[in-house]
Amino acid sequence: MRDDVCNVLRERIVNLYHKPGDPLNEKRLSEELKVSRTPIREALIRLSGERLVTLVPHVGARVSDVNLRDFQELIELREILERGVARLAAMNITEEQIRDLERLSEMANHINREDISELIDYDMQFHQIINQASHNHFLHESISVTQNQFFRIQRLISHKPERMLADLPKVIRALKRRDAGQMEQFMVEHVEHFARAVGRYFSSGR
């Protein structure tokens with residue numbers, strides 16, 4: 001039950017159902033999710049550890065803001081983690097996971113490229129498969145926390161992950177060759193491409 005509540009709130013925050021700065025009232029959330037306030041409180045504490053929620057003494061909880069300083073630190077962390085995931089995925093990916101990526105690539109050919117939400121959903125599925133392909137539980141957990149911050153920023157600035165869609169066939173070929181260096185290059189380039197888009201968003205004053 002506690003994990004379920006936490007997962008629901010995490011998904012809501014990442015998908016901007018609860019936007020940056022929104023208050024998270026324990027009583028209202030417990031009524032809405034039909035649980036007691038205890039699992040709500042525990043979930044908010046856990047999500048504060050993931051930097052998705054900010055706990056304000058004597059005030060309550062709110063969705064954490066998005067700012068350029070934190071994002072720059074997240075970029076540094078994610079590049080380090082993506083390098084590790086990419087190399088392990090190239091070495092450890094299974095044939096079934098490659099087929100999952102091939103199915104994702106095929107489905108991506110038929111989606112509406114103007115539907116940003118759908119594009120981001122595909123981006124999330126892509127990273128989920130790559131993360132799992134690393135077959136390292138601790139690394140998977142760490143990078144998932146970091147990626148969740150990116151996904152909510154991606155939705156916030158309405159960024160289309162077109163680089164991922166364009167490179168997906170090449171990523172699949174690199175994985176089939178077990179080319180760890182090429183995979184590392186792809187993943188870092190994707191992060192840097194997104195970082196430039198976010199930089200433009202913040203510099204525009206929005």
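The values are calculated or read from the model by the stated rules, or taken from the named source; none is laboratory data. Bear in mind that the values here come from a model prediction, so they are computed numbers and not experimental data. Because the Cβ atoms are built from the backbone with ideal geometry, glycine has one as well, and the counts that use them run over all protein chains shown.
For the structure I just gave you, tell me whether residue 38 is assigned to a helix (DSSP H, G or I) and either over 18 Å from the mean Cα position of the chain (by Cα) or closer than 29 Å to residue 116 by Cα (or both). The answer is yes for residue 38.
Regarding residue 180, is this residue under 19 Å from residue 88 (Cβ atoms) and crowded, with 20+ Cβ neighbours inside 10 Å? Taking the combined requirement at face value, the residue does not satisfy it.
Please work out if residue 70 is acidic (Asp, Glu), part of a helix (DSSP H, G or I) and under 30 Å from residue 186 (Cα atoms). When the stated conditions are applied, residue 70 passes them. Of all residues in the stretch 24-74, exactly one satisfies the criterion of being of a type in the set (Val, Ile, Thr), buried (at least 18 other Cβ atoms within 10 Å of the Cβ) and modelled with pLDDT under 95, namely 66.
Among residues of the stretch 62-73 that are in contact (Cβ under 8 Å) with a residue 12 or more places away in the chain, those with a Cβ under 8 angstrom from a residue that is in a strand (DSSP E or B) and of a type outside the set (Val, Ile, Thr), sequence gap 6+ or separate chain, pair up as 62/23; 62/24; 63/24. Taking the criterion of being under 16 Å from residue 151 (Cα atoms) and either touching a Gly at 6+ places or on another chain (Cβ under 9 Å) or basic (Lys, Arg) (or both), the only residue of the stretch 73-104 that qualifies is 78. The single condition among (1) under 19 Å from the mean Cα position of the chain (by Cα); (2) in contact (Cβ under 8 Å) with a residue 40 or more places away in the chain; (3) not in a loop (DSSP other than H, G, I, E, B) that residue 90 does not satisfy is (1). Checked against the criterion of being surrounded by 17 or more Cβ atoms within 10 Å (Cβ to Cβ), modelled with pLDDT of 95 or more, in contact with a strand residue (DSSP E or B) (Cβ under 8 Å, 6 or more places away or on another chain) and among the aliphatic types (A, V, I, L, M), the stretch 89-103 has no qualifying residue. When residue 83 is tested against (1) in contact with an Asp or Glu (Cβ under 6 Å, 6 or more places away or on another chain); (2) within 22 Å of residue 155 (Cα to Cα), exactly one condition is not met: (2).
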